[in-house]
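The structure appears right after this line, and notes come after that.
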Amino acid sequence: MPGTARKGHAGGAYNRSILSDTWRRTVPAKPSFDAQRALNLAHETFEIEARALLGLKGRQGESFGVAVQVMLQCSGRVVVMGMGKSGHVGRKIAATLASTGTPAMFVHPAEASHGDLGMVTEGDVVLAISNSGEVDEIAAILPALKRLGVKLVAMTGRGESTLAQHADVVLNSAVDEEACPLNLAPTASTTAQMALGDALAVALLDARGFREEDFARSHPGGALGRKLLTHVRDLMRTADALPTVTAETGFTDMMREMGTKGLGAAAVIDAKGYVLGIFTDGDLRRCIEQGSDLRGLKAGEVMHKRPRSVRPDALAVDAADLMEEARITLVLVVDENNKLVGALNSNDLMRAKVI
């Protein structure tokens with residue numbers, strides 16, 4: 001029996017050797033990397049996709065305006081659909097539409113056949129994306145979309161396709177060639193779809209009168225949102241955090257108040273809280289440079305009588321612009337009667353990422 005085992009083992013090794021030799025003869029050797037060829041292909045890709053976009057311009061006509069009007073007038077949402085690479089593009093188009101004032105969402109065509117079609121309501125517009133226009137998953141739900149009575153906008157490269165024939169509006173996204181050397185992988189065609197989706201979003205936001213403020217409301221976490229939605233009242237120091245003195249406060253006590261509150265300044269106010277002036281670290285430096293005897297002075301004698309101020313409902317970015325223009329690091333916040341309600345410095349603005 002031991003001899004049989006060894007014979008079998010030797011036979012196994014022999015068979016593996018045969019298989020290995022066969023694999024070497026049938027599998028082509030891995031090509032060596034050519035950096036220049038890779039760069040040339042990159043340049044060619046850019047050129048092909050640039051031509052695709054320029055060609056896209058000439059393919060748009062009256063139907064583009066009709067598609068924009070249909071989306072503009074719909075009482076529901078723009079429901080974007082697409083399979084494969086067109087689906088990835090569709091998700092981006094839906095996101096762009098939603099962030100620029102056109103309610104939109106993406107629904108996967110395959111999932112739509114298994115219940116997600118319930119997300120589509122009578123007042124919606126469906127934007128179906130398919131370069132060939134013959135995707136089975138989309139074709140399968142076309143009758144159901146018709147029964148719902150929704151408007152169907154097709155973005156396709158084939159005007160005679162099944163999708164185009166069932167659509168209310170057809171947007172031509174055809175390209176002459178793909179950037180793929182095999183002319184197979186969706187490359188130029190998906191670039192064209194993306195650009196056409198951006199064109200729809202831009203036309204729609206313009207028609208809606210969409211403004212920077214509207215964009216900020218849908219991007220509260222972004223830089224623009226912080227700049228256009230953050231007000232002075234959201235950031236200002238108030239109550240006990242405010243360094244305040246009266247005109248009769250001695251210089252030493254005023255410096256102690258400034259040091260305790262850590263804002264590099266003290267607001268000089270009267271008994272009712274109305275602003276009389278301000279004294280800052282810069283004012284202190286100038287007094288020292290002039291050789292003044294500060295110990296016997298009072299706040300009212302050294303204060304700057306026309307301090308820069310803003311209202312609490314002002315945008316924080318406007319306060320930042322005021323500081324930059326005046327070359328100061330702090331502004332007082334006052335109400336309509338010039339009564340002190342807060343203070344804002346550049347560190348507050350930086351922490352809030354307004355600047």
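Can we say Ala128 is more than 13 Å from Pro109 (Cβ to Cβ), within 32 Å of the chain's Cα centre (by Cα) and assigned by TED's automatic domain parsing to the domain that holds Glu47?
So Ala128 fails the test.
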Keeping to the range 261-286, report how many residues are in contact (Cβ under 8 Å) with a residue 60 or more places away in the chain and either basic (Lys, Arg) or assigned to a strand (DSSP E or B) (or both). 6
Across (1) of a type in the set (Gly, Ala, Ser); (2) without any contact (Cβ under 8 Å) to a residue 40 or more places away in the chain; (3) in a loop (DSSP other than H, G, I, E, B), Gly58 clears everything bar (3)
Among the residues of the range 213-228, is any in contact with a strand residue (DSSP E or B) (Cβ under 9 Å, 6 or more places away or on another chain), in a helix (DSSP H, G or I) and at pLDDT below 95? yes
So which residues in the range 298-329 are touching a residue at least 60 places away in the same chain (Cβ under 8 Å) and hydroxyl-bearing (Ser, Thr, Tyr), if there are any at all? Thr329
Regarding the range 330-346, can at least one residue be identified that is free of Cβ contacts under 8 Å to residues at least 12 places away in the same chain and either of a type outside the set (Ser, Thr, Tyr) or within 12 Å of Val232 (Cβ to Cβ) (or both)? no
Residue in the range 307-334 that is farthest from the chain's Cα centre (by Cα), counting only those that are farther than 13 Å from Thr280 by Cβ and not aliphatic (A, V, I, L, M): Ser309
Checking the structure you have, find out if any residue of the range 100-113 is surrounded by fewer than 14 Cβ atoms within 10 Å (Cβ to Cβ) and either of a type in the set (S, T, N, Q) or assigned to a helix (DSSP H, G or I) (or both). yes
Check Ile138 against each of (1) over 17 Å from Leu200 (Cβ atoms); (2) out of contact with any helix residue (DSSP H, G or I) (no Cβ under 8 Å at 6 or more places or on another chain); (3) surrounded by 17 or more Cβ atoms within 10 Å (Cβ to Cβ) and name the one condition it does not meet. (2)
Result of the Cβ filter at 6 Å on the range 178-206, keeping first residues that are in the same structural domain as Leu72 (by TED's automatic domain parsing) and in contact (Cβ under 8 Å) with a residue 40 or more places away in the chain and partners that are part of a helix (DSSP H, G or I) and among the basic types (Lys, Arg), at least 6 apart or interchain, is Pro186/Lys85; Thr190/Lys85
Is it fair to say Gly58 is at pLDDT 95 or above and in the same structural domain as Ala139 (by TED's automatic domain parsing)? no
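The values are calculated or read from the model by the stated rules, or taken from the named source; none is laboratory data. Treat the numbers as computed from the prediction; the structure is a model and nothing was measured. Every residue, glycine among them, receives a Cβ derived from its backbone with ideal geometry; neighbour counts consider all protein chains shown.
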